Amino acid sequence: MAPSSSTLKLLLTFLASYALVAYAGNFYQDFDVTWGDGRGKILNNGGLLTLSLDRASGSGFQSKNEFLFGKIDMQLKLVPGNSAGTVTAYYLSSKGSTWDEIDFEFLGNLSGDPYILHTNIFTQGKGNREQQFYLWFDPTANFHTYSVLWNPKVIMTSFNFALTCYFAAHFSFSVDGTPIRKFKNSESIGIPFPKKQPMRLYSSLWNADDWATRGGLVKTDWSQAPFTASYRNFNAKACLWSSGTSSCSSKSTSSTTSNNNTWLKEDLDTTSQARLKWVQKNYMIYNYCTDTKRFPQGFPPECAIANAS
């Protein structure tokens, strides 16, 4: 006997609540401009978002949804010209005093000097895991894709058709598909990893001329204002967090093995590992794991794991 329409509706509702969520960039649907008094604008029928900074204020936006694991891409075009003193922040963050956070921060510079890409990782309210890079292209001339992969590698065991998911996670940063940083889940040796707190995606453009450019020596030239950064082509394959539940819960059966959700088990292959080493050899300008002055008693334990990988 064919199922009734009410049964089908109930089944579809159940599947939707546990399916992986994929987004493909309409800023009206996916984001709220949260501050800036009109300096943040959604344009082109939701296809473009711009943030601006002037002497009075910067601006920012955040995602409407929270995620617990995801592969998130955004194309950015940074502030052109003399951007010294400005910071364009693009990051995932949870709330509370023991928050988790995954940071891109683009530190502006004088015309002709390269931007510095500052990255950091917070777990349970503790950061101090900074790595900085020069970019190997002009990030103000065109849009480039900046990505965070934050995923569970799912091991499934079955008993009476029930599935249990064990998460052994990692995340990586990449630019135009080139990985620049990877952080492994090393909870087995006591290193906290962000896997329990849902995060929103945020971005902001603000003045930080007390530290951003050459340690605060170069100040913002307000005659160049307004400063503007642009965003397009947001794309996310993600586990949506809603009402205390992740859409990647253990009740999801087919979605975790779908070819469309390979990011759930994605790691760096041999080619990507080589690209990561190339970036870190040629463009990394600061690594907390080599800062002996900062850590005279020894580096944080994850540094040994990173150097061994």
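The values are calculated or read from the model by the stated rules, or taken from the named source; none is laboratory data. Keep in mind that what you see is a predicted model, and the values were worked out from it rather than measured. Positions of Cβ are backbone-derived with ideal geometry, glycine not excepted, and every protein chain shown enters the neighbour counts.
Does ASP30 qualify as being over 30 Å from VAL218 (Cβ atoms), in contact with a helix residue (DSSP H, G or I) (Cβ under 9 Å, 6 or more places away or on another chain) and either surrounded by fewer than 17 Cβ atoms within 10 Å (Cβ to Cβ) or at pLDDT 95 or above (or both)?
Spelling it out, ASP30 is indeed over 30 Å from VAL218 (Cβ atoms), in contact with a helix residue (DSSP H, G or I) (Cβ under 9 Å, 6 or more places away or on another chain) and either surrounded by fewer than 17 Cβ atoms within 10 Å (Cβ to Cβ) or at pLDDT 95 or above (or both).
If the requirement is being over 22 Å from ASP73 (Cβ atoms) and either in contact with a Pro (Cβ under 9 Å, 6 or more places away or on another chain) or surrounded by fewer than 21 Cβ atoms within 10 Å (Cβ to Cβ) (or both), which of these qualifies: ASP138, ASP113, ASP100?
Numbers: ASP138 fails: over 22 Å from ASP73 (Cβ atoms); ASP100 fails: over 22 Å from ASP73 (Cβ atoms).
Going through ASP138, ASP113, ASP100 in turn, just one is over 22 Å from ASP73 (Cβ atoms) and either in contact with a Pro (Cβ under 9 Å, 6 or more places away or on another chain) or surrounded by fewer than 21 Cβ atoms within 10 Å (Cβ to Cβ) (or both): ASP113.
When you look at SER247, is it of a type outside the set (Val, Ile, Thr), at pLDDT below 90, over 23 Å from the mean Cα position of the chain (by Cα) and surrounded by 18 or more Cβ atoms within 10 Å (Cβ to Cβ), yes or no? Outline the logic, then answer.
Numbers: of a type outside the set (Val, Ile, Thr): yes; at pLDDT below 90: yes; over 23 Å from the mean Cα position of the chain (by Cα): no; surrounded by 18 or more Cβ atoms within 10 Å (Cβ to Cβ): yes.
Spelling it out, it is not the case that SER247 is of a type outside the set (Val, Ile, Thr), at pLDDT below 90, over 23 Å from the mean Cα position of the chain (by Cα) and surrounded by 18 or more Cβ atoms within 10 Å (Cβ to Cβ).
Considering only segment 228-237, state which residues are within 17 Å of LEU149 (Cβ to Cβ) and either charged (D, E, K, R) or modelled with pLDDT under 90 (or both).
LYS237
Only one of SER223, SER203 is modelled with pLDDT of 90 or more and either of a type in the set (A, V, I, L, M) or part of a strand (DSSP E or B) (or both). Can you tell me which?
When all the criteria are applied, what remains is SER203.
Mind listing just one residue for me: the one in segment 197-244 that is over 26 Å from ALA56 (Cα atoms) and among the basic types (Lys, Arg) and, of those, surrounded by the fewest Cβ atoms within 10 Å (Cβ to Cβ)? First the steps, then the outcome.
Let us first name the residues in segment 197-244 that are over 26 Å from ALA56 (Cα atoms), namely 197-200, 233-244.
Next cut, among the basic types (Lys, Arg) only: 200, 237.
Values: ARG200: 18, LYS237: 22.
It comes out as ARG200.
Being surrounded by fewer than 18 Cβ atoms within 10 Å (Cβ to Cβ) and over 30 Å from MET284 (Cβ atoms) is true for just one of GLY47, GLY36. Which residue is that? Spell out how you get there, then give the answer.
Details: GLY36 fails: surrounded by fewer than 18 Cβ atoms within 10 Å (Cβ to Cβ).
Result: GLY47 is the single residue among GLY47, GLY36 that is surrounded by fewer than 18 Cβ atoms within 10 Å (Cβ to Cβ) and over 30 Å from MET284 (Cβ atoms).
Here is a yes/no grid of residues against (1) closer than 23 Å to SER188 by Cβ; (2) modelled with pLDDT under 95; (3) surrounded by 17 or more Cβ atoms within 10 Å (Cβ to Cβ); (4) among the hydroxyl-bearing types (Ser, Thr, Tyr):
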position: THR256; (1), (2), (3), (4): yes, yes, yes, yes
position: THR262; (1), (2), (3), (4): no, yes, no, yes
position: ASP267; (1), (2), (3), (4): yes, yes, no, no
position: TRP278; (1), (2), (3), (4): no, no, no, no
position: LYS293; (1), (2), (3), (4): no, no, no, no
position: PRO296; (1), (2), (3), (4): no, no, no, no
position: PRO301; (1), (2), (3), (4): yes, yes, no, no
position: SER309; (1), (2), (3), (4): yes, yes, no, yes
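As an exercise: evaluate VAL87 against (1) modelled with pLDDT under 95; (2) in a strand (DSSP E or B); (3) more than 15 Å from the chain's Cα centre (by Cα) and give the number of the one condition it does not meet.
(1) is the only condition that VAL87 fails.
Go through segment 61-84 residue by residue and tally those that are in a loop (DSSP other than H, G, I, E, B) and at negative phi. Can you show your working first?
Step one: filter segment 61-84 for residues in a loop (DSSP other than H, G, I, E, B), giving 64-65, 78-84.
Narrowing further to those that are at negative phi: 64-65, 78-80, 82-84.
Residues that pass the stated criteria total 8.
Would you mind finding the one in GLY108, GLY127, GLY85, GLY81 that is surrounded by fewer than 17 Cβ atoms within 10 Å (Cβ to Cβ) and farther than 23 Å from CYS289 by Cα?
Details: GLY108 fails: surrounded by fewer than 17 Cβ atoms within 10 Å (Cβ to Cβ); GLY127 fails: farther than 23 Å from CYS289 by Cα; GLY85 fails: surrounded by fewer than 17 Cβ atoms within 10 Å (Cβ to Cβ).
Matching residue, one of GLY108, GLY127, GLY85, GLY81: GLY81.
Return the residues of segment 179-194 that are farther than 17 Å from ASP103 by Cβ and outside any strand (DSSP E or B); say none if nothing qualifies. Give the steps one after another, and end with the answer.
Initially, segment 179-194 is screened for residues farther than 17 Å from ASP103 by Cβ, giving 184-191.
Selection gives ASN185, SER186, GLU187, SER188, ILE189, GLY190, ILE191.
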